[in-house]
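The structure appears right after this line, and notes come after that.
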């Protein structure tokens with residue numbers, strides 16, 4: 001099995017596990033858990049990915065981190081308003 005296939009399969013399994021365990025949680029939590037899994041997989045496969053593949057994955061990581069920052073900012077505003 002190629003590295004790309006293994007990465008994709010591992011990510012699909014992670015998403016499936018998150019659907020089972022956090023499927024009823026709010027969507028922001030679900031997406032953050034997916035981001036955490038993506039970060040873990042990116043680090044686990046770091047040595048076997050090419051530079052171009054790493055750059056492609058980094059784009060999705062940056063988008064995920066921006067989403068995480070937005071969620072945290074919203075939660076801080078909620079706490080400060082109450």
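Mind checking which residues of segment 35-67 are in contact with a helix residue (DSSP H, G or I) (Cβ under 6 Å, 6 or more places away or on another chain) and part of a helix (DSSP H, G or I)?
35, 37, 41, 42, 48, 57, 64 - these are the residues of segment 35-67 that are in contact with a helix residue (DSSP H, G or I) (Cβ under 6 Å, 6 or more places away or on another chain) and part of a helix (DSSP H, G or I).
To keep it simple, each residue is scored yes or no on (1) surrounded by 13 or more Cβ atoms within 10 Å (Cβ to Cβ); (2) closer than 19 Å to residue 68 by Cβ.
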{"position": "7", "(1), (2)": "yes, no"}
{"position": "16", "(1), (2)": "no, no"}
{"position": "23", "(1), (2)": "no, no"}
{"position": "36", "(1), (2)": "yes, yes"}
{"position": "52", "(1), (2)": "no, no"}
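(1) within 17 Å of residue 6 (Cβ to Cβ); (2) loosely packed, with under 12 Cβ neighbours inside 10 Å; (3) at pLDDT 90 or above: which one isn't true of residue 40, the others all being true?
Answer for residue 40: the failing condition is (2).
Suppose we filter segment 20-34 for residues that are farther than 18 Å from residue 10 by Cα and either part of a helix (DSSP H, G or I) or modelled with pLDDT of 90 or more (or both); how many remain? Can you show your working first?
If we filter segment 20-34 for residues that are farther than 18 Å from residue 10 by Cα, which is where we start, we get 23-29.
Okay, now just the ones that are also either part of a helix (DSSP H, G or I) or modelled with pLDDT of 90 or more (or both), so 27-29.
Selection size over segment 20-34: 3.
Look at residue 77 and say whether it is part of a helix (DSSP H, G or I), over 19 Å from residue 15 (Cα atoms) and at pLDDT 95 or above.
Considered against the rule, which asks whether it is part of a helix (DSSP H, G or I), over 19 Å from residue 15 (Cα atoms) and at pLDDT 95 or above, residue 77 comes out as yes.
The values are calculated or read from the model by the stated rules, or taken from the named source; none is laboratory data. Predicted model, so just to flag it, every value in this text is computed and none were measured. Note: ideal-geometry Cβ built from the backbone for every residue, glycine included; neighbour counts use all protein chains shown.
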